[in-house]
Amino acid sequence: MAVAIQPVTSLDQIDQVLAIEEASFSNPWTREMYLAELENRGVSFCYLAYDTEGRSIGFCSFWRVLDELHINNLAVFPDRRREGVASALLTFVLNEGARQGAKRATLEVRQYNDPARYLYERFGETYADYCRRVPRWLPSLRGLSNTLRSTEFDWLKVLRKEYGTPFAWTSGMLILLVWEHYGAAGAPPLGRGEFAVITVIWIVLAVAYLIVRTLKLSGRLGTT
């Protein structure tokens, strides 16, 4: 069967992936998980297969880390199986991974999943031969430069997700420092200068925390 395979880049396509996921698995991935995958550019990839009428009928998601592919999910609508869709997706993904510098691929298959075992047996011989020839305990860093070049650092996302962590940890350390000098028996008291420094540091962190939180709530840091 002829299928068109396209990368998942929009929220509408994620909804299509979720529809296939929920029809195929008893414990499907959530929308939040796929949104996180969509933001993890350069490492996480997902492709949808469309039939000749433009309807999404299957998908495959994978990670590329250094020179290895880890295929996370491969699914096709139940009523569109045994038409070659999964084979087309897996072939495309393996070729795409090789184009990006991957030298090996992993796919977890449950023992009772006969269709998945068929795919593994069909596509796994080349991989098995590679494992026999190449010692896997030797790390390979040949794909590291490609991974780093293709990975985008989103500092706004870091602010949205982690802005409270430095404030909480530093506040805790400052509180412990003050308690050690004022509450612990035999500890020397803090001088005015030391106490002023601690107070200034905490005020700066508190102001930074409030600014970032205000920006996040107003939407100026983007959306998660």
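At-a-glance table
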| read-out | value |
| --- | --- |
| Output for the range 9-27, where each listed residue is surrounded by 18 or more Cβ atoms within 10 Å (Cβ to Cβ) and out of contact with any Ser or Thr (no Cβ under 8 Å at 6 or more places or on another chain) | 14, 21 |
| Residues located in the range 20-50, provided they are part of a helix (DSSP H, G or I), in contact with a Phe, Trp or Tyr (Cβ under 8 Å, 6 or more places away or on another chain) and among the hydrophobic types (A, V, I, L, M, F, W, C) | 20, 23 |
| Residue 128 vs. criteria modelled with pLDDT under 85, on the phi < 0 side of the Ramachandran plot and assigned to a helix (DSSP H, G or I) | yes |
| Test: residue 80 is without any contact (Cβ under 8 Å) to a residue 40 or more places away in the chain and in contact with a Gly (Cβ under 9 Å, 6 or more places away or on another chain) | yes |
| Single residue of 113, 95, 72 found to be at pLDDT 80 or above and surrounded by fewer than 16 Cβ atoms within 10 Å (Cβ to Cβ) | 95 |
| Pairs where the first residue, in the range 206-220, is closer than 13 Å to residue 166 by Cα and the second is surrounded by 11 or more Cβ atoms within 10 Å (Cβ to Cβ), C-beta under 6 Å, 6+ apart | 209/167; 212/159; 212/163 |
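The values are calculated or read from the model by the stated rules, or taken from the named source; none is laboratory data. Bear in mind the structure is a predicted one, so any value in this text is a computation, not a measurement. FYI the Cβ positions are ideal-geometry reconstructions off the backbone, even for glycines, and counts take in every protein chain you see.
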